[in-house]
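The values are calculated or read from the model by the stated rules, or taken from the named source; none is laboratory data. What you are looking at is a predicted structure, and each value in this text was computed from that prediction instead of being measured. All Cβ positions, even for glycine, are placed from backbone atoms using ideal geometry, and neighbour counts span all protein chains on display. What goes into the accessible areas is simple: the full protein's heavy atoms, side chains included, and nothing from ligands, DNA or RNA. Shrake-Rupley method; radii C 1.70, N 1.55, O 1.52, S 1.80 Å.
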Amino acid sequence: MQTTKFGKTGRTISVVGQGCWQFGGDWGDVSDEAAMGVLHAAADEGITFFDTADVYGDGHSEELVGRFLKERKDDDIMVATKMGRRANPHEPQEFTAKNFRAWNDRSRKLLDVETLDLVQLHCPPTPVYSNDEVFDILDEMVVEGRMKHYGVSVETVDEAMTALQRPNLASIQIIFNIFRRKPLEQVLPAAKEKNVGIIARVPLASGLLTGRFTEDTTFAPQDHRTYNRHGEAFDQGETFSGVPYDVGVQAAREVAALVPEGMTQAQFALRWIIDQTGVDVVIPGASKPEQARANAAAGSLPSLTDQQLAELERIYDTHIRAHVHDRW
């Protein structure tokens, strides 16, 4: 497994991390037993970065990760969580010192730690990124020992560029994959220059880039790939990276034709992300231990060829760009 120095945190982490959204119920049912199996399989394969949030399963994901931390207490594991989606209403005026500390207390209790490694604002309303008071509070919370570092999880490139102006920002989490290439233009170079870590989320476009889906594939009613295709519950970009499903299925077939022997399509897609200058860690999800092990293997596979990279860019320009590039 390749490792990298994660921005201002100074921590050495694996280039493949483990996303834990699926333990909250938005990807169908994943039992606690299966979740713990995934977490341990990931760690066994050298993954040291785990990403969760206080709203995944209303905190159940954090609770499971906390249990896992106790079972792997001798491992050098970094856990990133998020706060802000508990705001009700989800509006800028709710991003207050009182709410921040209450959310922070809840996460520390569920993860069963005194100090959180990394807390990310969880895709807050856009004006929050420009609010000096918000970031002053985050700085105070670091001084108080509530968390070691803070970052942001964003929906758009513009939000990322605004957040990058904050001197103590440690990380940016952003949707980045073969079907969402816009961060290559500004965000990744600017983050690298400022020593801000980049966490690439939705790396497989909600499974499109695994190559397992057809036009007739269906998903469980409680799966966001059923109920959020048009942004009904949260930002549309979080589901299939905002790509219309049929368009994504067809484009994924063309990606499949480029995958070399000895590599799965998912590993190919993850490797593309790992190879991009400025990316620190990619956080695919997994609902089974074997998926976690396969994802981890991408961290030790060879880089893509120039011809493969050129073909992927062509697929994006031909099928995907018009649907996503100017929106996010």
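Output the residue which, of all residues in segment 265-284 that are part of a loop (DSSP other than H, G, I, E, B) and either in contact with a Pro (Cβ under 6 Å, 6 or more places away or on another chain) or not acidic (Asp, Glu) (or both), is surrounded by the fewest Cβ atoms within 10 Å (Cβ to Cβ).
Looking at residues that are part of a loop (DSSP other than H, G, I, E, B) and either in contact with a Pro (Cβ under 6 Å, 6 or more places away or on another chain) or not acidic (Asp, Glu) (or both), I get 277.
Which residue is surrounded by the fewest Cβ atoms within 10 Å (Cβ to Cβ), if the candidates are limited to segment 188-205 and must be without any contact (Cβ under 8 Å) to a residue 40 or more places away in the chain and not in a loop (DSSP other than H, G, I, E, B)?
193
State all residues of segment 226-264 that are in contact with a Pro (Cβ under 9 Å, 6 or more places away or on another chain) and either within 25 Å of residue 311 (Cα to Cα) or not in a loop (DSSP other than H, G, I, E, B) (or both); if no residue qualifies, say none.
The answer is 227, 260, 263.
Hey, could you check segment 206-252 for residues that are of a type in the set (A, V, I, L, M) and farther than 17 Å from residue 287 by Cβ and say which is most open to solvent (accessible area, probe 1.4 Å)?
Out of the qualifying residues, it is 233.
Give the residue that is surrounded by the fewest Cβ atoms within 10 Å (Cβ to Cβ), with candidates limited to residues of segment 101-119 that are within 13 Å of residue 144 (Cα to Cα) and in contact with a strand residue (DSSP E or B) (Cβ under 7 Å, 6 or more places away or on another chain).
First, pick out the residues of segment 101-119 that are within 13 Å of residue 144 (Cα to Cα): 101, 104-105, 114-116.
Next, only the ones that are in contact with a strand residue (DSSP E or B) (Cβ under 7 Å, 6 or more places away or on another chain) stay: 104, 115-116.
Values: 104: 20, 115: 11, 116: 22.
Top of the filtered list is 115.
Return the only residue of 175, 137 being crowded, with 23+ Cβ neighbours inside 10 Å and either over 25 Å from residue 66 (Cα atoms) or among the β-branched types (Val, Ile, Thr) (or both).
Going through 175, 137 in turn, the sole match is 175.
If residue 36 passes every condition in (1) within 28 Å of residue 268 (Cβ to Cβ); (2) among the aliphatic types (A, V, I, L, M); (3) assigned to a helix (DSSP H, G or I) but one, which one does it miss?
Exception for residue 36: condition (1).
So, residue 128, is that one within 20 Å of residue 194 (Cβ to Cβ) and either open to solvent by less than 10 Å² (accessible area, probe 1.4 Å) or basic (Lys, Arg) (or both) or not?
Numbers: within 20 Å of residue 194 (Cβ to Cβ): yes; either open to solvent by less than 10 Å² (accessible area, probe 1.4 Å) or basic (Lys, Arg) (or both): yes.
Yes; evaluated as a whole, the condition is true for this residue.
Only one residue in 113, 79, 30 is under 30 Å from residue 303 (Cα atoms) and either in contact (Cβ under 8 Å) with a residue 12 or more places away in the chain or of a type in the set (Val, Ile, Thr) (or both). Which one?
On inspection, the qualifying residue turns out to be 79.
With farther than 25 Å from residue 197 by Cβ and out of contact with any helix residue (DSSP H, G or I) (no Cβ under 7 Å at 6 or more places or on another chain) as the only criterion, which of 82, 98 stands out?
Among 82, 98, only 98 is farther than 25 Å from residue 197 by Cβ and out of contact with any helix residue (DSSP H, G or I) (no Cβ under 7 Å at 6 or more places or on another chain).
If residue 66 meets every condition in (1) in contact with a strand residue (DSSP E or B) (Cβ under 8 Å, 6 or more places away or on another chain); (2) modelled with pLDDT of 95 or more apart from one, which number is that one?
Of the numbered conditions (1) in contact with a strand residue (DSSP E or B) (Cβ under 8 Å, 6 or more places away or on another chain); (2) modelled with pLDDT of 95 or more, the odd one out for residue 66 is (1).
Quick one: count up the residues across segment 290-302 that are open to solvent by 40 Å² or more (accessible area, probe 1.4 Å) and either assigned to a helix (DSSP H, G or I) or at pLDDT 95 or above (or both).
Summing the residues that are open to solvent by 40 Å² or more (accessible area, probe 1.4 Å) and either assigned to a helix (DSSP H, G or I) or at pLDDT 95 or above (or both) in segment 290-302 gives 4.
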